[in-house]
Structures are given as structure tokens and as C-alpha cells.
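The values are calculated or read from the model by the stated rules, or taken from the named source; none is laboratory data. If you're wondering where the values come from, they're calculated on a predicted model, not measured in any experiment. As a convention, Cβ positions derive from the backbone with ideal geometry for all residues, glycine included, and neighbour counts pool all protein chains shown.
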Amino acid sequence: MAKRKKSPEELKDDDERTNSMGLFNTAEAYRLSAMALEKAKVKSGHADDPVRFLYYHTLELYLKALLRQKYSVEGVTKEFGHNTRRLVKEAEKLGLFVMDEDRDVFSIMEDTNTVIEARYIRTGPKTWPTLEALNRTCKSMRDGVGGLLRGAGVMVRL
């Protein structure tokens, strides 16, 4: 089934409803949920998978929150999708400083199937960033993106 093209009114509604503030604050909710789940220390062979997934999604939402300052919802979706490499590169163009430690986490996300493998079951050896590294990178992106958005007058929770 072919995807129906959205009307100008629907695109405008998407842009109003999916804004930088909403994306950032939703990212923050995912980050806090990941931290709470990680703190619960569930004893299971795959207990870290949901935590890892929440952190990955958090990072994507923080980056997209910044990109929404320049791009429409449709633009972010079409130009960047879930491509971490392109999201980070564009966020840097918009003023985001990415520390080397964060770049290491993004590199693993970009160069492996780690994000997909956090969502879907696939056996075999994997290269994962540690939960500590993901948590730290999420905090770094929260601070960096949050500061840029606040500087642009966007009310985000810090």
C-alpha cells in the first residue's frame, strides 16, 4: 500500500505538535526511565537490553530536538531518519559540542547494528557501549542540546 502524501495542514499540525520542547522533554523521560530501570538491577541475562534501548532512543530524541530548530518534522524524517552519523554531524553544525567520549559511543552506534540489536533478538557476539558510557553520553547531550535550546528560547527541563 502506497503511503499517502500529507496535506499542508497535516504537515503544519505535525510541526506544531512535534517541536523541540516536546522532543527534548520526551528524551528526558526516556533517560530518567533508563536510569530507574538500571538502578533496579534486575538479574537476568538480557536485563540490560531494555535499558540500552531507552538510552539509544534518548540520544536520538535529544539530537532531533536540536534539529527541529532548523528542519520541519518531515525534513528531519526524510533527511536523517534514524541515522546517528547524520544526526550528530548536523547537530554539530548547529552548535552542539560532542566530546571524544560521546563520539566513541556514537561511533559504536553508527558502525554496528547495536541499536537494532537492542530492539530485536539476535544471537551471537556483540559490541555494546557500557551502560555507564550511554548514561554519560545522554547526560552530555542533555546538557549540550538543552543549553542550545534554552539559548534559543525553548523551555526545556534541565
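Of all the residues that make up segment 1-31, how many are aliphatic (A, V, I, L, M) and over 23 Å from the mean Cα position of the chain (by Cα)?
Going through segment 1-31 one residue at a time, the tally reaches 2.
Exactly one residue out of L63, L87, L67 is crowded, with 16+ Cβ neighbours inside 10 Å, closer than 24 Å to D13 by Cα, of a type in the set (A, V, I, L, M) and in contact with a Lys or Arg (Cβ under 8 Å, 6 or more places away or on another chain), and it is L87.
Do we have any residue at all in segment 39-50 that's of a type outside the set (A, V, I, L, M) and under 20 Å from N25 (Cα atoms)? Steps first, answer last, please.
First pass over segment 39-50, keeping only residues of a type outside the set (A, V, I, L, M): 39, 41, 43-46, 48-50.
Imposing the further condition that a residue be under 20 Å from N25 (Cα atoms) reduces the set to 50.
Yes, that holds for at least one residue.
Within segment 130-154, being outside any helix (DSSP H, G or I) and either under 21 Å from A65 (Cβ atoms) or modelled with pLDDT of 95 or more (or both) holds for A152, G153, V154.
May I ask you to verify whether E74 is surrounded by fewer than 16 Cβ atoms within 10 Å (Cβ to Cβ), farther than 17 Å from T127 by Cβ, at pLDDT 95 or above and charged (D, E, K, R)? Walk me through how you get there before you give the answer.
Numbers: surrounded by fewer than 16 Cβ atoms within 10 Å (Cβ to Cβ): yes; farther than 17 Å from T127 by Cβ: yes; at pLDDT 95 or above: no; charged (D, E, K, R): yes.
Against the criterion (surrounded by fewer than 16 Cβ atoms within 10 Å (Cβ to Cβ), farther than 17 Å from T127 by Cβ, at pLDDT 95 or above and charged (D, E, K, R)), E74 does not qualify.
In this structure, does E117 turn out to be under 18 Å from T58 (Cβ atoms) and modelled with pLDDT of 95 or more? No; evaluated as a whole, the condition is false for this residue.
Within segment 1-30, the only residue that satisfies the criterion of being more than 30 Å from R150 (Cβ to Cβ), modelled with pLDDT of 80 or more and of a type in the set (G, A, S) is S7.
Is there a residue being assigned to a helix (DSSP H, G or I) and modelled with pLDDT under 95 anywhere in segment 63-70?
Filtering segment 63-70 for residues assigned to a helix (DSSP H, G or I) gives 63-67.
When the remaining residues are screened for being modelled with pLDDT under 95, the result is none.
No, segment 63-70 contains no residue that is assigned to a helix (DSSP H, G or I) and modelled with pLDDT under 95.
Within segment 109-158, the residues that satisfy the criterion of being exposed (fewer than 13 other Cβ atoms within 10 Å of the Cβ) and in contact with a Gly (Cβ under 9 Å, 6 or more places away or on another chain) are G151, R157, L158. For segment 5-52, residues that are among the basic types (K, R), surrounded by 11 or more Cβ atoms within 10 Å (Cβ to Cβ) and closer than 22 Å to T137 by Cβ total 2. If I ask for residues that are closer than 17 Å to W128 by Cα and either of a type in the set (V, I, T) or in contact with a Pro (Cβ under 9 Å, 6 or more places away or on another chain) (or both), which ones from segment 57-85 would you list? Residues satisfying the conditions are T58, T84.
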